[in-house]
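Asks: One structure, as structure tokens, below. Some questions next.
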Number of protein chains: 2
Amino acid sequence: MHRREFLGAAVVGVACAGRAVAAVADDAGGGGSLYPVRTIPERSLPVPTTVSPELQKVIAFVNPPNQFAVPKSRAEWAALQAGTPAMLENVTKLRESLGLGLERRVIAGVNCFVITPKDIPKRNRHRLLLHVHGGGYVFGGGESGTYEAVSTAAATQTKVISVDYRMPPDHPFPAAMDDAMAVWKVVATQVPPRNVGFFGISTGGAMVLLMAQRAIREKLPLPAAISAGTPWSDLSKTGDSYFANALVDGVLRQYEGSLESFARIYAGGVDLKDPRLSPIYGTFDGFPPTILTTGTRDLFLSNTVRTHRRLRQAKVEAQLEVYEGVSHGQYAIDHTAPETAEALGEIAAFLDRHLGVADR
Amino acid sequence: MHRREFLGAAVVGVACAGRAVAAVADDAGGGGSLYPVRTIPERSLPVPTTVSPELQKVIAFVNPPNQFAVPKSRAEWAALQAGTPAMLENVTKLRESLGLGLERRVIAGVNCFVITPKDIPKRNRHRLLLHVHGGGYVFGGGESGTYEAVSTAAATQTKVISVDYRMPPDHPFPAAMDDAMAVWKVVATQVPPRNVGFFGISTGGAMVLLMAQRAIREKLPLPAAISAGTPWSDLSKTGDSYFANALVDGVLRQYEGSLESFARIYAGGVDLKDPRLSPIYGTFDGFPPTILTTGTRDLFLSNTVRTHRRLRQAKVEAQLEVYEGVSHGQYAIDHTAPETAEALGEIAAFLDRHLGVADR
């Protein structure tokens, strides 16, 4: 029988599932599914040779699982959220080498950073990108967290406003979203919304999806396009890659520990599957065109492809980019890697194709 | 330091690779890369709850690793390549229930199956899809192997010609490709090439890529579009998911054993990285628009996304679809699963968008 099953599967010639179930159904069920849980044995994972030397270096770095402790005091929270001098130096150097200006501006009472290319091409003069940073809803803000905003402003040669939204412990859900939406409401009166793109990675990727969903609910203007990088679209441990890519992902490693803690701290008691927290449970009807970016080792691979499918099911133009060997967010970490240029290039081209150019 | 690294990675705020390397570079290198090989510990993998009940059933089926022995005699080869009565019954039932006709036809000396929908919509009357089956270059032919041809003819409501190409042990490389190209040369004189799409899954997915590359090399007509499902684009064990998804993929399981044997039997001594065997090493310049389909657990996830990147680098319109929790080819196994309808629907829409309609 096994040979037949293999044949069927390999040539996609036989719907063999019925027999398969009979073969395994006497095991114990688990994982929320009716079917038995499999054990994947220990195995070796080399750094792939199918990516650039620069990206190999990025992939070779592996965080220890659960090495990131939740702060236990105000001082620890402050230190976490301030970022490090090395981060600030790194992003400042990058920004200056790319010829971008940075200005702090308070919009609708919310701290923002405005990142401006030196010579904006005519086509982009009336365009704007609105950015929300990542960091599990609990860190990643401040000037030291403007790396994505800087690299995307450079790749697109477009002005970026990055929202430095409020965070726990003082400001759990919905403060971050309230801040981002408050900024959007103002920005949408100053720049034609059809000339605006939203972008973000990880938590920021989820937030831009949530922002569009909330704009639709609240009958606010929508941006012309969205770039959601490996979005944390499901804050609960739901989705196959939370299991299949656990410990394969060198950045996030696993759901248990930091990620789960951050989700619960931000949610403040609200169900993690609430569509205001996890956009995958919301509706994607009427969404703007969206580009999604992830990697084959990403713990959020399922978060990304599930979002892609939901968008496609809602007949939204949605483009999926998956980078070889890449863990969470690694496609955007090292601006010297050709894959980073490629990923930002795809995003820039997608936004350029969808954003309007006229001054009103 | 670890907290800083995590911060950097999670918010994509710091290029931390340089320090990472310093931390691990004293380990032994391996896997063809300069960097140390990681060990991924044993872990549990439940059937995902984020897919339909029908697809959960498909995913719950798991082949034992290496259960597929290479035939040791002519009789064993014949049995393998004949398929089973159950497969034939299954595909015949499906075909009849979908109202499709089947005709055997010899084209350019090559056995083919012509699958014809009962009432072809006007828009598709002058269109044709050319199909090459999967099966590791060593099985999957004959009428019992026409499942993909049947399901795609139904999804597209377009006539399909499926090439029953010659296979090892009597006919190793390049017989399969010679047969497919001989059929294409004839078909291209009978139907306007701009009205033709190529499609295939697995080995068939690789073959349609190789066919387009060879058509470009030999200055033959190109089809209007290609659908390559989880293509075996690299016959060598190169690509991250050969490692990361080993034993996670419930269908192919791993490279070692059957897959490697089939590759070597087909290649007949030719280097597995020869671009006539592994299209990833060929050029994609001038390619027709291509849709690629895979799943998050697919052993060929890297084969698929590497191909997607190569196409995009060559400025080819290329659409990537990745299905949640799906192992090799499982998106197309069970025609009752909504995900199968979705995947075939994406492919049908892509082909419809690119194929011409006029009779010449």
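Asks: Calculate the mean, over all residues of peptide B:233-243, of how many other protein chain Cβ atoms lie within 10 angstrom of the residue's Cβ.
Replies: Mean inter-chain Cβ contacts per residue within 10 Å come to 4.
Asks: I need the inter-copy label distances for B:Arg74: point set 7 Å along Cα to C-beta, values in nm with one decimal, smallest first.
Replies: Label-point distances to the other copies, shortest first: 8.9 nm.
Asks: Which one of A:Cys112, A:Ala263, A:Asn303 is farthest out on the positive end of the charge dipole of the protein assembly as shown, using unit charges on Cβ (Lys, Arg +1; Asp, Glu -1) and the Cα centre as origin?
Replies: Looking along the dipole axis, the top candidate is A:Cys112.
Asks: Check which residues have an amide H placed less than 5 Å from B:Tyr323's amide H, if you skip close sequence neighbours.
Replies: Those lying under 5 Å, H to H, from B:Tyr323 are B:Thr294, B:Gly295, B:Thr296.
Asks: For B:Val37, which sequence-distant residues (separation of 5 or more, or a different chain) have an amide H within less than 5 Å of its own amide H, given hydrogens modelled in the peptide plane?
Replies: Excluding prolines and chain starts, which carry no amide H, the hits are B:Gly30.
Asks: When every alpha-carbon pair in the protein assembly as shown is counted, what percent end up more than 43 Å apart?
Replies: The calculated P(r) of the protein assembly as shown puts 25 percent of pairs beyond 43 Å.
Asks: Mind checking the full-extension length gain between B:Val186 and B:Asp274? Use 0.36 nm per residue of separation minus the Cα-Cα distance, one decimal, nm.
Replies: Between B:Val186 and B:Asp274, full extension yields an extra 29.0 nm.
Asks: Treat every Asp and Glu Cβ in region A:290-360 as -1 and every Lys and Arg Cβ as +1, leave all other atoms uncharged, and give the resulting dipole magnitude about the Cα centre to the nearest 20 debye.
Replies: Once rounded to the nearest 20, the dipole reads 560 debye.
Asks: If the cut-off is a Cα-Cα distance under 16 Å, which aspartates and glutamates reach B:Lys57, setting aside same-chain residues fewer than 8 apart in sequence?
Replies: Within the straight-line cut-off, B:Lys57 pairs with A:Glu5, A:Asp26, A:Asp27, A:Asp240, B:Asp249, B:Glu324, B:Asp334, B:Glu339.
Asks: What shape does region A:53-354 have by the C-alpha gyration tensor, where a ≥ b ≥ c are the square roots of the eigenvalues, rounded means a/c under 1.5, and otherwise prolate means a/b greater than b/c and oblate the rest?
Replies: Judged from the Cα gyration tensor, region A:53-354 comes out rounded (a/c under 1.5).
Asks: What is the Cα centroid distance between region A:161-219 and region B:49-84, reported in whole angstrom?
Replies: 48
Asks: Moving on to the next point. Taking every DSSP beta bridge with both residues inside chain A, roughly what % is antiparallel (nearest 5)?
Replies: 40
Asks: Restricting to the protein assembly as shown, compute how many DSSP beta bridges are antiparallel as a %, nearest 5.
Replies: Bridges in the protein assembly as shown are about 45 percent antiparallel.
Asks: Report the full-extension gain for the segment A:Glu256 to A:Ala341: residue separation times 0.36 nm, less the Cα-Cα distance, to one decimal in nm.
Replies: 27.4 nm
Asks: Right, another one. Between region A:96-146 and region B:220-255, how far is it from one alpha carbon centroid to the other, in angstrom?
Replies: Between the Cα centre of region A:96-146 and that of region B:220-255, the gap is 40 Å.
Asks: For the residues B:Ser44, A:Ser233, what sequence is obtained by ranking on other C-beta atoms within 10 Å, fewest first?
Replies: Exposure proxy ranking, most exposed first: B:Ser44, A:Ser233.
Asks: What's the average, rounded to a whole number, of partner chain beta-carbon atoms within 10 Å of each residue's beta-carbon in B:163-171?
Replies: Counting other chains' Cβ atoms within 10 Å and averaging over B:163-171 gives 0.
Asks: Then there is this: Could you give each residue of region B:348-355 its phi-based ³J(HN,Hα) in whole Hz, using Karplus coefficients 6.51, -1.76, 1.60 with θ = phi - 60°, and x for Gly or Pro?
Replies: These are the phi-based 3J(HN,Hα) values: 4, 5, 5, 5, 4, 5, 9, 7 Hz.
Asks: Tell me, what HN-Hα J-couplings in whole Hz come from the Karplus equation 6.51 cos²θ - 1.76 cosθ + 1.60 at θ = phi - 60° for each residue of region A:277-289, using x for Gly and Pro?
Replies: 10, 10, x, 4, 8, x, 9, 10, 5, x, 5, x, x
Asks: Straight-line reach from A:Lys185: which lysines have Cα under 22 Å away, leaving out those fewer than 8 places along the same chain?
Replies: Within the straight-line cut-off, A:Lys185 pairs with A:Lys159, A:Lys219.
Asks: Further question on the same structure: Short version: what are the Cα gyration tensor semi-axes of region A:281-338, square root of 5 times each eigenvalue, largest first, in whole Å?
Replies: 24, 12, 8
Asks: To one decimal in nm, how far is B:Thr189 from the same spot in the other copies, if labels go 7 Å from Cα toward Cβ? Please give the shortest first.
Replies: Taking the point 7 Å beyond Cα along Cα→Cβ, the inter-copy spacings are 7.2 nm.
Asks: Would you mind giving the mean number of other chain beta-carbons within 10 Å of the Cβ of each residue in B:294-301, as a whole number?
Replies: Averaged over the peptide's residues, the number is 4.
Asks: While we're on this one: For B:Asp178, place a label point 7 Å from Cα along the Cα-to-Cβ direction in every copy; what are the distances to the other copies, in nm, shortest first?
Replies: Counterpart label points of B:Asp178 in the remaining copies fall at 7.5 nm.
Asks: Rounding to the nearest 20 debye, state how big the charge dipole of the protein assembly as shown is about its Cα centre with +1 on each Lys and Arg Cβ and -1 on each Asp and Glu Cβ.
Replies: For the protein assembly as shown, the charge dipole is close to 1580 debye.
Asks: Separate question: Each residue of region A:243-251 in turn: what ³J(HN,Hα) in whole Hz from Karplus with 6.51, -1.76, 1.60 and θ = phi - 60°, glycine and Pro shown as x?
Replies: Those phi angles translate into 9, 5, 9, 4, 6, 6, 5, x, 9 Hz.
Asks: While we're looking at this one, here's another question. Counting only residues 5 or more places away or on other chains, whose amide H sits under 5 Å from the amide H of A:Ile107 once H atoms are built in the peptide plane?
Replies: Correct list: A:Cys112.
Asks: If you take the beta carbon distance between B:Lys93 and B:Glu218 as r and set R0 to 45 Å, what does 1/(1 + (r/R0)^6) give as a FRET efficiency, to the nearest 0.05?
Replies: Approximately 0.70, to the nearest 0.05.
Asks: So which aspartates and glutamates can A:Lys273 reach, going by Cα to Cα under 15 Å and dropping same-chain residues fewer than 8 places off?
Replies: List returned: A:Asp234, A:Glu260.
Bear in mind these aren't lab numbers, they're just calculated from the coordinates by the rules spelled out. None of the values given here were measured: they were computed from a predicted structure. Positions of Cβ are generated from backbone atoms using ideal geometry, with glycine treated the same way; all protein chains shown enter the neighbour counts.
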